[in-house]
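Here's the structure we're looking at; comments come further down.
The values are calculated or read from the model by the stated rules, or taken from the named source; none is laboratory data. Source: prediction; values computed, not measured. In this analysis, Cβ positions are derived from the backbone assuming ideal geometry, glycine residues included, and neighbour counts consider all displayed protein chains.
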Amino acid sequence: MKKYIILTAAFMLCLCDIQAQQSNGVSASIARKFSEQFSGAERIEWNEAGKVCYAMFQFENQTWLAYYDQEENLMATARQISEDRHLPLVVQQSLQNYREQQSAKSGPFNLGPIYELNQYGFTRYLVSMEGGDRQITFTIDSSGARTILRKDHKTPEQAVTGGGELIARKVRRN
């Protein structure tokens with residue numbers, strides 16, 4: 001469970017807080033393993049978050065992430081889901097219900113990128129959304145259970161001006 005929380009936090013940093021940069025610090029063996037596992041990957045950007053090394057890349061016309069631990073083992077993969085209608089039905093219903101609950105409190109909520117995160121044989125969906133003065137990031141597992149990872153309030157200035165690019169739309173790339 002501790003590794004799941006750490007990896008999820010690293011994943012959020014990747015999506016929300018870290019500007020992806022080309023890194024020459026990736027070991028040759030990780031790069032080789034990556035090339036074998038994701039033959040045909042394009043626009044590969046390597047980054048580090050703590051003790052985790054990860055690549056953001058294009059694979060089969062989708063945005064993907066691959067996470068490697070210090071022992072150079074593939075820990076998790078994630079791929080961006082282009083539309084919420086491509087989610088499993090139970091996950092769609094859970095997302096719809098939560099979005100409606102939040103919209104009733106704060107006005108309409110817009111969905112940001114949705115990622116399918118596969119880790120230790122489990123699949124979760126990482127979702128961010130924004131509305132009113134709030135930004136929320138959470139996961140939904142295959143049973144529809146939600147886990148809130150982060151709730152932020154926009155400053156009054158952001159709420160009035162729109163605050164530029166909001167967390168729900170951020171996937172930083174070079």
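Residue-by-condition table, conditions (1) outside the structural domain of His153 (by TED's automatic domain parsing); (2) modelled with pLDDT of 90 or more; (3) over 21 Å from Ile148 (Cβ atoms); (4) among the basic types (Lys, Arg):
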position	(1), (2), (3), (4)
Cys14	yes, no, no, no
Asn24	yes, no, yes, no
Gly50	yes, no, yes, no
Thr63	yes, yes, yes, no
Leu95	no, yes, no, no
Leu117	no, yes, no, no
Tyr125	no, yes, no, no
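Please identify the pairs in which a residue from region 83-111 that is surrounded by 11 or more Cβ atoms within 10 Å (Cβ to Cβ) has its Cβ atom under 9 Å from the Cβ atom of a residue that is aromatic (Phe, Trp, Tyr) and assigned to a helix (DSSP H, G or I), counting only partners at least 6 apart or on another chain.
From region 83-111, the pairs are Phe109/Tyr98.
Name, by its number, the condition in (1) modelled with pLDDT of 90 or more; (2) under 21 Å from the mean Cα position of the chain (by Cα); (3) surrounded by 15 or more Cβ atoms within 10 Å (Cβ to Cβ) that does not hold for Lys33.
(2)
Which of the strands (runs of 3 or more DSSP E) found entirely inside region 38-103 contain at least 2 residues meeting this: closer than 28 Å to Gly132 by Cβ?
Passing ranges, in order: 74-81.
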